[in-house]
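Single-structure report; data block below.
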Amino acid sequence: MDFFAESFGIALTLIRDLDVDMLQIVWVSVYTTTISVLLASMIGIPIGVAVGIGRFFGRRVLITLLNTLMAMPTVVIGLLVYGMLSRQGPLGDWGMLFSPAAIIIGQTVLAIPIVANYTMAAINGADKRIVPTVLTLGGGRRQAFWQLLLEVRFGVMAAVIAGFGRVIAEVGVAMMLGGNIRAYTRTMTTAIALDTSMGEFSFALALGIVLMTVALMVNLLLNLLQHR
């Protein structure tokens, strides 16, 4: 108990003093997660809208695929992207493996089905008369889709935030594609795993507190949006 209390005190001191190494790690996590979720939103939101309002052959198969991808282990995603970016892979000439760009690619793949599913759920819960009404009043399909997005904007925002919360807490993709390089690709989750194994429990605990704080803020915002 004394060990944990002492480590907790040191962790709080590191946070209070804004330790440089800790801030660097937090920055890499927030930066890669933010870019990944933005890219995933650009892809996942249109997919969610298309599947939500569309009635086409293979729709149920696509929904099943999206649900399956949501449950895919992050290490599997890391493995697949690693194979694409490795020297022997089709994108090996780009030299992106073990870089923030590689982490962003992997985390984008991880977040797309989450954003798409949440968006699709929001679209399914919207008034079915929105699109036909806009078309009847002389609006185009693009205008009708935009009006539909405005109607479910809180659901779409919840989709983006859910993707952010999922990505920032993952470890498999960041470890496999980033290589956990100090001051370059080391994220909060990979640093926690490394420092704990090396006996740097206080530093790992400080990162854990920061990570839990971010997760708490994300979930509070998500619950607020879902209530709206």
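The values are calculated or read from the model by the stated rules, or taken from the named source; none is laboratory data. In this text, all values refer to a predicted model and were calculated from it rather than measured experimentally. Every residue, glycine among them, receives a Cβ derived from its backbone with ideal geometry; neighbour counts consider all protein chains shown.
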### Of residues in region 174-201 being surrounded by 18 or more Cβ atoms within 10 Å (Cβ to Cβ) and of a type in the set (S, T, N, Q), the one farthest from the chain's Cα centre (by Cα)
Asn180
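Taking the stated definitions as given, is Leu12 more than 17 Å from Ile192 (Cβ to Cβ), at pLDDT 85 or above and out of contact with any strand residue (DSSP E or B) (no Cβ under 7 Å at 6 or more places or on another chain)? It would help to see each step written out before you state the result.
Details: more than 17 Å from Ile192 (Cβ to Cβ): no; at pLDDT 85 or above: yes; out of contact with any strand residue (DSSP E or B) (no Cβ under 7 Å at 6 or more places or on another chain): yes.
Taking the combined requirement at face value, the residue does not satisfy it.
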### Message
Take the conditions surrounded by fewer than 14 Cβ atoms within 10 Å (Cβ to Cβ) and of a type in the set (Val, Ile, Thr) and apply them to Thr136. Does it pass?
### Response
yes
### Message
I'm told Tyr82 meets every condition in (1) among the aromatic types (Phe, Trp, Tyr); (2) in a loop (DSSP other than H, G, I, E, B); (3) within 21 Å of the chain's Cα centre (by Cα) except one. Can you identify the failing condition by its number?
### Response
(2)
### Summary
Per the filter on region 36-77, residues surrounded by fewer than 12 Cβ atoms within 10 Å (Cβ to Cβ) and either in contact with a Pro (Cβ under 6 Å, 6 or more places away or on another chain) or charged (D, E, K, R) (or both) are Arg55, Arg60
### Query
Within region 214-228, which residues are touching a residue at least 24 places away in the same chain (Cβ under 8 Å) and under 19 Å from the mean Cα position of the chain (by Cα)?
Val214, Ala215, Val218, Asn219, Leu221, Leu222, Leu225, Gln226
### Test result for Met42, out of contact with any Lys or Arg (no Cβ under 9 Å at 6 or more places or on another chain), over 24 Å from Val210 (Cβ atoms) and part of a helix (DSSP H, G or I)
yes
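Being part of a helix (DSSP H, G or I) and either surrounded by 23 or more Cβ atoms within 10 Å (Cβ to Cβ) or without any contact (Cβ under 8 Å) to a residue 24 or more places away in the chain (or both) is the filter here, so list the residues in region 93-104 that pass it. Quick ask: steps written out before the conclusion?
Kept after step one, since they are part of a helix (DSSP H, G or I), are these residues of region 93-104: 93-94, 100-104.
Passing the criteria: Asp93, Trp94, Ala101, Ala102, Ile103, Ile104.
Give the residues of region 20-35 that are exposed (fewer than 14 other Cβ atoms within 10 Å of the Cβ) and under 18 Å from Glu170 (Cα atoms), sorted by residue number.
Residues of region 20-35 that are exposed (fewer than 14 other Cβ atoms within 10 Å of the Cβ), as a first pass: 20, 23, 27.
Scanning region 20-35 gives a single hit, Trp27.
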### Message
Tell me yes or no: at least one residue of region 118-138 is part of a helix (DSSP H, G or I), hydroxyl-bearing (Ser, Thr, Tyr), under 30 Å from Ala50 (Cβ atoms) and within 22 Å of the chain's Cα centre (by Cα).
### Response
yes
### Query
Is it the case that some residue within region 51-71 is touching a residue at least 40 places away in the same chain (Cβ under 8 Å), out of contact with any helix residue (DSSP H, G or I) (no Cβ under 6 Å at 6 or more places or on another chain) and in a loop (DSSP other than H, G, I, E, B)?
no
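Can you find even one residue in region 153-173 that is surrounded by fewer than 16 Cβ atoms within 10 Å (Cβ to Cβ), touching a residue at least 24 places away in the same chain (Cβ under 8 Å) and either touching a helix residue (DSSP H, G or I) at 6+ places or on another chain (Cβ under 9 Å) or more than 21 Å from Pro73 (Cα to Cα) (or both)? Please lay out each step first, then the result.
Step one: of region 153-173, the residues surrounded by fewer than 16 Cβ atoms within 10 Å (Cβ to Cβ) are 153-154.
Still in the list and also touching a residue at least 24 places away in the same chain (Cβ under 8 Å): 154.
Among the residues that remain, those that are also either touching a helix residue (DSSP H, G or I) at 6+ places or on another chain (Cβ under 9 Å) or more than 21 Å from Pro73 (Cα to Cα) (or both) are: 154.
For region 153-173, residues surrounded by fewer than 16 Cβ atoms within 10 Å (Cβ to Cβ), touching a residue at least 24 places away in the same chain (Cβ under 8 Å) and either touching a helix residue (DSSP H, G or I) at 6+ places or on another chain (Cβ under 9 Å) or more than 21 Å from Pro73 (Cα to Cα) (or both): present.
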### Query
Is it true that some residue in region 205-213 is surrounded by fewer than 15 Cβ atoms within 10 Å (Cβ to Cβ), under 30 Å from Leu12 (Cβ atoms) and free of Cβ contacts under 8 Å to residues at least 60 places away in the same chain?
yes
